[in-house]
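In what follows, a structure is listed as structure tokens, so that the remarks can point back to it.
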Amino acid sequence: MSASTVEDLLALAGRHGLELETAIDPECGIDTPQDLDGLEALLELAVSDDTCAQLLNAWNLFADIARSVGATLDDRGPKASKCYDKVFYGNNLECITPAGEHYSPDFSASEQRLIAEILNRGRTILASRLQVDPETEHTPEQPHRNQ
């Protein structure tokens, strides 16, 4: 399942009886949906605040989803924590980054692989909860519409 526009996302959520937690305003572009496809490609690009923000948003989203369904991203060890911290500080938030300073993390190949593995686990957890039976168009937890 995927949605490429805010309108598609709202329709998809409605079909599955889901209410989006944050209002999405297509007119203003507020709270645009998180793109979860191709995140690993971001690790190949030059690191920027935007790249780190996208990675951090996806990582946090997957962690929240995993926790809510009793699963784990397995992202709490020292190596994963170091990667998370690099991504977090790479956002260069004003409240954390001293004035006139800028942090640009450098991810080793092993750190890139670890981040990719964590994101893939998150997508796998999410996909396992969003599987739709094409015959009945319902998720495993949702009753069939005709029942």
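All but one of (1) at pLDDT 90 or above; (2) in contact with a helix residue (DSSP H, G or I) (Cβ under 6 Å, 6 or more places away or on another chain); (3) open to solvent by less than 50 Å² (accessible area, probe 1.4 Å) hold for G77, so report the exception by its number.
So G77 meets the others, but not (2).
Please identify the pairs in which a residue from the range 99-117 that is of a type in the set (D, E) has its Cβ atom under 8 Å from the Cβ atom of a residue that is part of a loop (DSSP other than H, G, I, E, B) and at pLDDT below 95, counting only partners at least 6 apart or on another chain.
Every condition considered, the pairs that remain are D106/V47.
For a quick check of your reading of the model, give me the residue pairs whose first member lies in the range 1-21 and is within 23 Å of T124 (Cβ to Cβ), whose second is surrounded by 11 or more Cβ atoms within 10 Å (Cβ to Cβ) and modelled with pLDDT of 80 or more, with beta-carbon atoms closer than 8 Å and at least 6 apart or on different chains.
A3/A11
Check A63, A41, A13, A71 and return the single one that is assigned to a helix (DSSP H, G or I) and at pLDDT 90 or above. Can you show your working first?
Working: A41 fails: at pLDDT 90 or above; A13 fails: at pLDDT 90 or above; A71 fails: assigned to a helix (DSSP H, G or I).
The match here is A63.
The values are calculated or read from the model by the stated rules, or taken from the named source; none is laboratory data. Just so it is clear, the model here is predicted, and its values are computed rather than measured. For neighbour counting, all protein chains shown are included, and Cβ atoms are generated from backbone atoms with ideal geometry for every residue, glycine included. Quick note on the areas: whole protein, heavy atoms, side chains included, nothing else; ligands and nucleic acids left out. Shrake-Rupley method; radii C 1.70, N 1.55, O 1.52, S 1.80 Å.
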